[in-house]
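A quick write-up on the structure given underneath.
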Amino acid sequence: MSDWAIATYGLTKRFEGHIAVNEIDLKIKSGEVYGLIGPNGAGKTTLIRMLAAAEAPTKGEIYINGDRLLRDDSNPVQKKRLGYLPDDFPLYDDLTVWDYLEYFARLYNLKPSFRRRRLMEVLELVQLENKRKSIISTLSRGMKQRLSLARTIIHEPILLLLDEPVSGLDPLARQQFRQIIKVLQEAGMTILISSHVLSDLAELCTSVGIMELGFLVESASLPELYQRLSRQQIILGTLGKMEILQQALRQNSFVETWEMIPESGLLKVNFTGEKQDCADLLRSLVLADIPLTEFHCTQEDLETIFLKLGHQQAS
Amino acid sequence: MKNIQVFQRSSSLWEKFLDLNPQLFREIKGKLKTRNVVIAAAISVITQFVIGISLLSDLPNPDPQGLLKAQYGPYAMGSGSGNHIAYTKDMLGNWVINWQLLWLDLFIALSIVSIFSLLIVGVYMLIADTVKEDNRGTLNFIRLTPQSAGSVLLGKILGVPILLYIAVFLLSPLHLMAGLGAHIPLALILGFDIVIVASCAFFYSFAMLWSLMNFGLSGFKPWLVSGAMGALLLLLTTATFHHNHLISNTLWDWILLLNPGIVLSYLIEATYLPLNKIDFVSADNLGELLFYGQALWAKASFGIGFILFNFSLWTYWCWSVLKRRFHNPTNTLVSKTQSYWITGWLSVFALGFTLQNYQSYSSATDNFIFLQMCLCILGLALIAALSPHRQALYDWARYRHQNNKDGNILWKELVFGENSPSSVAIAINMAIAITYITPSIFLFLREKDRYIFWGFILSGLSILLYALVAQLVLTLKTRKRSVWAGSSVRGMIVVPPVCLGVADFSPYKAPE
Ligand SMILES: Nc1ncnc2c1ncn2[C@@H]1O[C@H](COP(=O)(O)OP(=O)(O)OP(=O)(O)O)[C@@H](O)[C@H]1O
Ligand SMILES: [Mg+2]
């Protein structure tokens, strides 16, 4: 099936004595931003390395856009489709930023006429234009990371595999990074990101997969995941007595439980109803003359869902 | 420190050259800095100066008034050899000097310096660079690009020692001048240069292969090989200088052909200088070497041609192993199919050098015994190169039915398959070699020496036994399996003879 950007069948990797990736059937549609999360040692890096053809699977098959991925000289076309950013992004210390990118542009057989323009483009995207004459060893960690990202996309891949691309970046740089990813997604790339920064993923991703002990335990689109696993919550605040508010809440059948949010004096209510039921609750509270200062519908975020699943650490 | 690129100008020819190979582009950008080029050029010039001065110091002192006593040196025209020939004067009172011999000495000195620096320093640079990239993980990126293994490795071989190439290139004008001054035909000088290039091709490919083998010790790898390379070259070069009878008419002579310096014999012969003035192995002696009974080295053209052919075969096999290795750094070093071809080629050549024009029957037997020893060494090397490790073997056993549609046919897997146990393949390799060698044993040896055949069978079987043990040890669950496998095979080789020795048991007396 060629409408999958990535499809794996029974993908397995064994290391000495244990299985790092176990019978994974991963399917990613093209154009998606797919977030891969899981505790340390779950096998994310191993999975991504196999998808990038940097590691040979013990068993199983990988199809990229419908073509079988093989690890040898035989598939230059397929290799041009992939962009892989590993978690340790090794670089060359003796080259300048420009030479480094030009080297990879050549390795990917970019046409000389096009090369210069493309280099300018990616440098602008990762905001390293003013550093292009610097030797790589003089860059900061964040700059090196952005340079690596530039290297990953220099040949205009249609599938990006990013392994923990934001670790070690400051909040501003992370914000910029999300911006870049959004630009790339709009350009039509399919992107697989593994990350431990779940708030970033929640903002970026269209789908999420959760790995645990080598298994892919969950793989769904983000809305579906929220619908299935996250509960609706309402944050309430009142000037009056809490007890009165709680009494009023008790009468609503959609309200399950609640808890006080310490310090803020707000109440977090787990709510099972739909939007309409929400509005009804608000109306009833107002009619009951409760002095509300806050009424705010939210969902449990990705982090809460992840923690709730109670994953085990591989050890 | 200033890092100005040497070639700022974007001349289109230079651009085109760089477009040929991205890896070469990278090496040039990284290494060709003005400062480095100046240092390389300076070293080259100083070397030439030192060599030139030391040769000129053997000339007689100028003596316009004719006051000095007799002077001695190697470049006098008189008869005799060595450094103690008296210089004579012509009728105008000038010293008569054998300029041709001086030029020849300069030519030889420059040749040896170039060979040593190209092969030792070049090999060191290549291994150090590749091991560094492999350890850092940057090599993995290159593997993921659409470049073929060949293009990347070629770029490295052309680019990493580029400063060395520049230095040696700066030697070449003086080298050529010295050669022409010594009346060596231009064709021979060019032939010699091509042999040097061919030897670099082989040793550099071997260096790349060596750096992609993973057996730990990575910091030590470059020193190990360039040290071994230096020792080998030193041995072979001193041998060419001080042995008039270098050719031993055994398989050992094959090694001699790996020294490009040996071609100098033909160049020296072409000068028609009296041989006693030059302490170098003579071309006549080279002519005594036979290959399947043919004296291929008697003529310069054939000799150089065959040396080139030999280098290109070695290079070819290195590359075929390299290409596979580059993309599968964790598999066994060679594939089973490759091992059969390599064994076949080695047997053909080894037997060719074993069949010489023997002085006596016993030396023929000795040659075959030497061949048998070399077969054992080949067998041990094959065990190391073909035996998969525990995890690979385990995966093969567990998943071969699913991974591969041929996986169900066991014999096919054992003979050709990747990561299957090595024993069957080793047996086939031994069989190939012994089958090829056997007819010659029965054709060329006396009846009472034909027990050699059983010697071959015995060594084939013991290699097979070692292969089984090594494979078994490699499947154990202990750590450091390779070390254990190596030690147990070594133990099996050493212990039996030691036991026989301790028991004071001699095979000659056995049937008593
Ligand atoms: N080269 C290797 N040899 C042996 N075991 C390995 C190797 N690489 C990874 N592993 C093991 O495989 C398992 C999965 O590792 P992996 O790096 O894929 O986890 P991860 O999900 O990326 O973890 P993290 O979040 O910490 O990056 C771990 O138990 C690890 O010890
Ligand atoms: Mg990881």
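Structural remarks
- The residue pairs whose first member lies in segment B:21-46 and is closer than 16 Å to B:Leu170 by Cβ and within 11 Å of chain A (Cβ to nearest Cβ), whose second member is among the aromatic types (Phe, Trp, Tyr) and open to solvent by 30 Å² or more (accessible area, probe 1.4 Å), and whose beta carbons are closer than 7 Å, counting only pairs six or more residues apart or on different chains, do not exist in this structure.
- Count of segment A:85-120 residues, restricted to those that are within 16 Å of ligand 1 (Cβ to nearest atom) and aromatic (Phe, Trp, Tyr), is 1.
- Of the residues making up segment B:431-457, those that are loosely packed, with under 11 Cβ neighbours inside 10 Å and over 30 Å from the mean Cα position of the chain (by Cα) are B:Leu443, B:Arg446, B:Glu447, B:Lys448, B:Trp454.
- Checking every residue in segment B:185-198 against the condition of being surrounded by 13 or more Cβ atoms within 10 Å (Cβ to Cβ) and touching a Pro at 6+ places or on another chain (Cβ under 7 Å) gives at least one match.
- Yes/no for A:Tyr84 being of a type in the set (Phe, Trp, Tyr) and at the interface with another protein chain (Cβ under 8 Å from one of its Cβ atoms): yes
- Qualifying residue in segment A:25-32 (condition: small (Gly, Ala, Ser) and within 13 Å of ligand 2 (Cβ to nearest atom)): no
- Taken over segment A:146-165, the criterion of being within 16 Å of ligand 1 (Cβ to nearest atom) and surrounded by 22 or more Cβ atoms within 10 Å (Cβ to Cβ) is satisfied by A:Leu161, A:Leu162, A:Asp163, A:Pro165.
- Checking segment A:96-112 against the condition returns no match, with no residue being open to solvent by 40 Å² or more (accessible area, probe 1.4 Å), more than 8 Å from chain B (Cβ to nearest Cβ) and over 30 Å from B:Leu13 (Cα atoms).
- Restricting attention to segment A:35-45 and to residues that are open to solvent by less than 20 Å² (accessible area, probe 1.4 Å) and not basic (Lys, Arg), the residue that is farthest from ligand 2 (Cβ to nearest atom) turns out to be A:Gly35.
- Enumeration of residues in segment A:159-212 that are touching a Lys or Arg at 6+ places or on another chain (Cβ under 9 Å), more than 16 Å from ligand 2 (Cβ to nearest atom) and within 14 Å of chain B (Cβ to nearest Cβ): A:Leu159
Yes or no, residue by residue, for (1) more than 23 Å from A:Met189 (Cβ to Cβ); (2) outside the structural domain of A:Ser167 (by TED's automatic domain parsing); (3) among the hydroxyl-bearing types (Ser, Thr, Tyr):
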| site | (1), (2), (3) |
| --- | --- |
| A:Tyr34 | no, no, yes |
| A:Pro39 | yes, no, no |
| A:Lys44 | no, no, no |
| A:Leu47 | no, no, no |
| A:Leu51 | no, no, no |
| A:Thr58 | yes, no, yes |
| A:Asp67 | no, no, no |
| A:Asp72 | yes, no, no |
| A:Gln78 | no, no, no |
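- Only residues that are within 23 Å of B:Ile437 (Cα to Cα) and within 14 Å of chain A (Cβ to nearest Cβ) were counted in segment B:372-390, giving 0.
- Residue in segment A:25-48 that is within 11 Å of chain B (Cβ to nearest Cβ) and under 18 Å from the mean Cα position of the chain (by Cα) present: no
- Extreme residue, farthest from ligand 1 (Cβ to nearest atom), among residues of segment A:29-47 that are farther than 16 Å from A:Leu222 by Cβ and touching a Ser or Thr at 6+ places or on another chain (Cβ under 6 Å): A:Ser30
- Complete set of residues in segment B:133-180 that are open to solvent by 40 Å² or more (accessible area, probe 1.4 Å) and under 25 Å from B:Trp319 (Cβ atoms): B:Asp134, B:Asn135, B:Arg136, B:Asn140, B:Ser148, B:Leu154, B:Leu158, B:Tyr165, B:Phe169
- From A:Gly168, A:Gly188, residue being within 16 Å of ligand 1 (Cβ to nearest atom) and surrounded by fewer than 16 Cβ atoms within 10 Å (Cβ to Cβ): A:Gly168
- Options A:Arg250, A:Arg228; residue that is closer than 30 Å to A:Ala42 by Cβ, without any contact (Cβ under 8 Å) to a residue 60 or more places away in the chain and open to solvent by 50 Å² or more (accessible area, probe 1.4 Å): A:Arg228
- Scanning segment A:50-74 for residues that are of a type outside the set (A, V, I, L, M, F, W, C) and either within 8 Å of chain B (Cβ to nearest Cβ) or more than 26 Å from B:Ser320 (Cα to Cα) (or both) returns A:Thr58, A:Lys59, A:Gly60, A:Glu61, A:Tyr63, A:Asn65, A:Gly66, A:Asp67, A:Arg71, A:Asp72, A:Asp73.
- Take the conditions (1) within 16 Å of ligand 2 (Cβ to nearest atom); (2) touching a helix residue (DSSP H, G or I) at 6+ places or on another chain (Cβ under 8 Å); A:Leu51 misses just one of them, which is (2).
- For segment A:139-158, residues that are within 16 Å of ligand 2 (Cβ to nearest atom) and either away from chain B (no Cβ under 14 Å) or over 20 Å from B:Thr138 (Cβ atoms) (or both) total 1.
- Residue match in segment B:6-20 (condition: within 30 Å of the chain's Cα centre (by Cα) and either modelled with pLDDT of 95 or more or in a loop (DSSP other than H, G, I, E, B) (or both)): no
- Checked against (1) exposed (fewer than 13 other Cβ atoms within 10 Å of the Cβ); (2) among the polar types (S, T, N, Q); (3) on the phi > 0 side of the Ramachandran plot, B:Asn249 meets all criteria but (1).
- Test: residue in segment A:16-25 that is among the acidic types (Asp, Glu) and either surrounded by 17 or more Cβ atoms within 10 Å (Cβ to Cβ) or away from ligand 1 (no atom under 12 Å from the Cβ) (or both): yes
- Every residue from segment A:122-141 that is open to solvent by 80 Å² or more (accessible area, probe 1.4 Å), assigned to a helix (DSSP H, G or I) and not polar (S, T, N, Q): A:Glu124, A:Glu129, A:Arg141
- Among the residues of this structure, A:Thr190 counts as one that is touching a Leu at 6+ places or on another chain (Cβ under 6 Å) and assigned by TED's automatic domain parsing to the domain that holds A:Pro90.
- Checked against the criteria, A:Gly60 does not count as of a type in the set (Gly, Ala, Ser), closer than 16 Å to A:Ile210 by Cα and open to solvent by less than 60 Å² (accessible area, probe 1.4 Å).
- Of the helices (runs of 4 or more DSSP H) lying entirely inside segment B:306-424, those carrying at least 1 residues that are in contact with a Pro (Cβ under 8 Å, 6 or more places away or on another chain) are B:390-403, B:410-416.
- Condition met for A:Val77 (on the phi < 0 side of the Ramachandran plot, open to solvent by 50 Å² or more (accessible area, probe 1.4 Å) and either more than 14 Å from ligand 1 (Cβ to nearest atom) or at the interface with another protein chain (Cβ under 8 Å from one of its Cβ atoms) (or both)): yes
The values are calculated or read from the model by the stated rules, or taken from the named source; none is laboratory data. Computed from a predicted model, the values in this text were never measured in an experiment. Here the Cβ is made from the backbone with ideal geometry for all residues, glycine too, and neighbour counts use every protein chain on show. For the accessible areas, the whole protein counts, side chains as well, though only heavy atoms, and no ligand, DNA or RNA atoms are used. Shrake-Rupley method; radii C 1.70, N 1.55, O 1.52, S 1.80 Å.
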